[in-house]
Amino acid sequence: MVQEVSQKPSQEPSEAQPLRASPPVSARELLTHRAFLFFLLSRSLSRFSSQIAAVAIGWQIYDLTGSAFDLGMVGLVQFLPTALLVFVAGHAADRYERKRVVQLCQLVEATTALYLAIITYLGAVGEVQIFVATFVLGIAGAFESPTTAALLPLVAPQGSLQRATAVSSGAAQVATITGPALGGFAYAIAPHLAYAVMVLFWILGMILTGFIRPRPQAVAKEGTSSDNIFAGFRFIRESPAILGTISLDLFAVLFGGVTALLPIYARDILQTGPVGLGVLRAAPAVGALLMTMVLARHAISRHVGLRMFQAVIVFGVATIVFALSSWMWLSVLSLAVLGAADTISVVIRFSLVQLATPDEMRGRVGAVNFLFINASNQLGQFESGLTAALFGAMPAAVLGGVCTVAVALLWMKLFPSLRQVERLE
């Protein structure tokens, strides 16, 4: 099913040669571009399935064991394949036809969900089976995520990657907001139904991926340094702008992971209960979705490097405001601003990394980036929980926001070339 791509000279520009083959298209025109539309629908269905899986697997493992430790192990089991396979997954995304790699991952995910649906329906499900299935889903995700990221520049109309990234991020936010609700509703009807929905979505996603007609994919010549499995890591290390971009996100999320403390704020500080917790958790995604709608219509055309740093600083300030707030409306508003600022940073960061990376190395660079993102999210939750245990929830959240602002200011000094990036495309 997965075919190796024939070797072609790279047709993609470096950072010094932005895409200008054709004028950028509007958001409305972007959705009529067949390759991008099929990509968007396929990615959205995969994202919906992943969100449903997070709810169904988490609820089922806790229902079976009643152990908070086992519940936490679900995230670790799913993250391990990303850490173990980061270089292999990136190399596969650059060596083989990307849409076929994505299709194979979706097929594996659908098969795994079908297995969970069957054993759940038969009442034969156990803790070990769920952890094994979760590990398999983690393996598929470790290959699918960097490959999908590397595929987007080949399906977006030339000169419109920033807008395409914003639209794609918006679709992902819709899945993040509504996916857990859909998964919880399906699980409430019947546990196996949630897994059946995942099977349907992943199969449909696999079919839609097959309709994608991307531009030709460049492949590094065999035996050259750019064909090496670790070439992506070396490329990041030797590219100050990309290294600064990825490391900025790593440390900003590491220190600014306030969402891990939301249950404490909802119960002990804002005193809102489970319903309030749901509102607080939804607020960043709502802010992010609104910002993607703005960016889809009005792309950032100047001072993009500076705008990314400004967005991270706003993220940190919003975290501090939330940390100090004792009013529900202000807390929700600050979380929405936090989500909107993060979206600006994500769109610029993704576009900058993709455009500055040769096409033949986008998979390997994307895999390292994906590892950094996952690590920052996981370690950020751990850091927030540890500092909250030591100093209390409010001091921990304030400290996280202050550190995020400090990191942004420090990185502006350490990576002046990143701060001076004027345009993306």
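With a 1.4 Å probe and every protein chain left in place, work out the accessible area per residue of the stretch 232-334 in Å², rounded to a whole number. The partial results should precede the final answer.
Details: 4680 Å² over 103 residues.
Value returned for the stretch 232-334: 45 Å² of accessible area per residue.
With an a/c value of 1.5 or above and a/b larger than b/c for the gyration tensor axes a ≥ b ≥ c computed over the alpha-carbon atoms, the stretch 122-173 is described as prolate. Restricting the calculation to Cα atoms, the stretch 88-195 shows an Rg/Rh of 1.05 when the hydrodynamic-style radius is the Kirkwood one.
Peptides 235-241, 109-115, ordered by how many other C-beta atoms sit within 10 Å of their residues on average, highest first, read 109-115, 235-241.
Solvent-accessible area per residue for the stretch 20-151 at a 1.4 Å probe radius, Å²? On a per-residue basis, the stretch 20-151 sits at 45 Å². Give me the percent of accessible area attributable to carbon and sulfur for the stretch 57-169, probe 1.4 angstrom. Ligands and nucleic acids excluded, carbon and sulfur reach 70 percent.
Each other residue within a Cβ distance under 14 Å of Leu64 adds +1 if Lys or Arg and -1 if Asp or Glu, for a net charge of -3.
When you count, for each residue, the other Cβ atoms within 10 Å and take the mean per peptide, how do 297-304, 47-54, 153-160 rank with the highest first? Present the calculation step by step, with values, prior to reporting the outcome.
Numbers: 297-304: 15.4, 47-54: 23.4, 153-160: 21.5.
Descending mean neighbour count gives 47-54, 153-160, 297-304.
Our estimate of slack between Arg234 and Thr32, defined as 0.36 nm per intervening residue step minus the Cα-Cα distance, is 68.9 nm.
Which distance in Å, rounded to a whole number, links the C-alpha centroids of the stretch 169-209 and the stretch 101-131? The distance from the Cα centre of the stretch 169-209 to that of the stretch 101-131 comes to 14 Å.
Counting only protein heavy atoms and a probe of 1.4 Å, the accessible surface of the stretch 245-319 is 68% carbon and sulfur. For Tyr96, the residues 5 or more places off, or on other chains, whose built amide H falls under 5 Å of its own are Val5.
The values are calculated or read from the model by the stated rules, or taken from the named source; none is laboratory data. Here the structure is a predicted model, which means the values were calculated and not measured. Heads up, the Cβs are rebuilt from the backbone with ideal geometry, glycines too, and the neighbour counts pull from every protein chain shown. The accessibility values were calculated without ligands, DNA or RNA, using every heavy atom of the protein model including side chains. Shrake-Rupley method; radii C 1.70, N 1.55, O 1.52, S 1.80 Å.
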